[in-house]
1. Could you run the Karplus curve 6.51 cos²θ - 1.76 cosθ + 1.60 with θ = phi - 60° over segment 57-73 and give me ³J(HN,Hα) per residue in whole Hz, x for Gly and Pro?
2. If you keep only loop residues by DSSP, which chymotrypsin sites (Phe, Trp or Tyr not before Pro) in segment 64-128 have at most 13 other Cβ atoms within 10 Å of their Cβ?
3. Around Asp79, which amide H atoms from residues at least 5 apart in sequence, or from another chain, sit under 5 Å from its own amide H, with H modelled in the peptide plane?
4. Would you mind telling me which residue in Asn26, Asn84, Asn108 has the biggest mean-square fluctuation in a Gaussian network model of the chain, where springs connect alpha carbons within a distance under 10 angstrom?
5. Go through 98-106, 54-62, 13-21 and give me the packing order, highest mean Cβ count within 10 Å leading.
6. Considering only Asp70, Asp79, Asp33, give the residue with the highest GNM mean-square fluctuation for the chain, with springs between Cα atoms whenever their separation is below 10 Å.
7. For a quick check, take a GNM of the chain with Cα springs below 10 Å and name the residue from Thr11, Thr82, Thr95 with the largest mean-square fluctuation.
8. Over the Cα atoms of the chain, how large are the radius of gyration and the largest Cα-Cα distance (Dmax), in Å?
Amino acid sequence: MKGVFKGLGYTLKELTKKPVTYDYPNEPLALPDRFRGIQKFYPEKCIVCNQCAAICPTDCIKLTGKKHPDPSKKGKIIDTYTINFEICILCDLCTEVCPTEAIIMTNNFELAEYSRDELYKDLSYLDENDESIREVNKP
Ligand code: SF4
Ligand code: SF4
């Protein structure tokens with residue numbers, strides 16, 4: 001009997017303590033400042049220089065450009081932009097090398113899908129991925 005009360009006392013004591021678990025996904029997780037999550041892409045900033053695709057160690061970025069619709073302007077604009085998150089290792093190199101900050105990391109890490117095909121994230125997905133965008137502090 002003494003053991004029952006001892007156990008109950010221990011349980012009651014633990015009940016008053018702050019929980020060490022999160023009510024995820026209802027409660028967002030606190031992430032470090034330089035967390036590397038799914039990229040946000042700004043199509044209007046992209047100059048189609050291909051540096052992000054060239055530096056990518058897993059070759060998971062595919063992009064195409066097209067002629068600027070305004071004939072008075074030189075250069076290309078982005079047409080298609082896809083990242084394959086089956087093989088992206090979220091290393092941050094593509095964002096570091098981008099000269100216009102057209103691609104940056106976010107705090108969004110939720111990539112669970114039922115189909116591998118859905119891990120190919122296209123331009124519109126990456127453009128709309130506005131979740132907790134990392135501040136870019138460049139001089
Ligand atoms: S984070 Fe790394 S692996 Fe992923 S697309 Fe960028 S460069 Fe490639
Ligand atoms: S490095 Fe930046 S500007 Fe160049 S193609 Fe990639 S996203 Fe576009």
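Just so it is clear, none of the values below were taken in a lab; they were calculated from the coordinates. Just so it is clear, the model here is predicted, and its values are computed rather than measured. Using ideal geometry, Cβ is built from the backbone for each residue, glycine included, and neighbour counts are taken over all protein chains shown.
1. These are the phi-based 3J(HN,Hα) values: x, 10, 6, 9, 9, 10, 9, 9, x, 9, 4, 4, x, 8, x, 6, 9 Hz.
2. On the way: sites: Tyr81, Phe85, Phe109, Tyr114, Tyr120, Tyr125; in loops: Phe85, Phe109, Tyr114.
Of the chymotrypsin sites (Phe, Trp or Tyr not before Pro), the ones in loops of segment 64-128 whose Cβ has at most 13 other Cβ atoms within 10 Å are Tyr114.
3. Thr64, Gly65, Lys66
4. Of Asn26, Asn84, Asn108, the Gaussian network model singles out Asn26 as fluctuating most.
5. Values: 98-106: 17.7, 54-62: 14.4, 13-21: 6.9.
Averaged packing, sorted descending, gives the order 98-106, 54-62, 13-21.
6. Asp70
7. Thr11
8. According to the Cα coordinates of the chain, Rg and Dmax are 22.4, 89 Å.
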